[in-house]
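Engineer: Can you keep this structure in mind? I'll have questions shortly.
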Amino acid sequence: MVRRGSSSALAISLVGALLASACGGGAAQTSGTNATASSTTSGASSGSEQHGEPGHHNEHHRSLSPALRAMHDVLAPVWHSEPGAGRDTRACEQAATLRERAGAAQSEALPADAPANSAETRTALVAAAQALVEECSGPRADVNGKLTALHTAFHSTFERR
């Protein structure tokens, strides 16, 4: 017989594990409690509506190039953390690394089956990462907006519409 407290703790653990796996898993993702939100506005959001159901997110991230995978590994824990001053701080702490990883994605050879606009989307990714770096070096009035633009640019590099 399972005691009530034990089953509640198990349920909470399972939900946490599901949320963590929604963006590739890992301990870094478990710090955020909201694994969904909008990527189309610069308002407070985390996660992404464009991910759809949790399995969809893992599915389209499995085929990332090495450089985009490396960028995802830095971007995902920031993006999926709770919106607010803490996430803004994390975004700014990682801004230079994100710009570096975006540059690596722009420089890597594109696969033969890459979308026709891949060079343009990777250029836009670098520009969005640079905009975040610049925002973080100033008054930080719109870190969330710049982070949202970077997240959207990241998805544009590999999603086929």
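What follows is calculated from the coordinates using simple rules that are stated; it is not laboratory data. Since we're looking at a predicted model, the values are computed, not measured. Note that each Cβ is placed from the backbone with ideal geometry, even for glycine, and that neighbours are counted across all protein chains shown.
Engineer: Based only on other Cβ atoms within 10 Å, what is the fewest-to-most ordering of 100, 135, 159?
Structural biologist: Details: 100 15, 135 22, 159 11.
Lowest to highest Cβ neighbour count: 159, 100, 135.
Engineer: Continuing with this model, one more query. Starting from the 7 Å offset along Cα-to-Cβ, what nm value, one decimal, do you get for the label separation of residue 69 and residue 127?
Structural biologist: Between residue 69 and residue 127, the simple spin-label model gives 2.9 nm.
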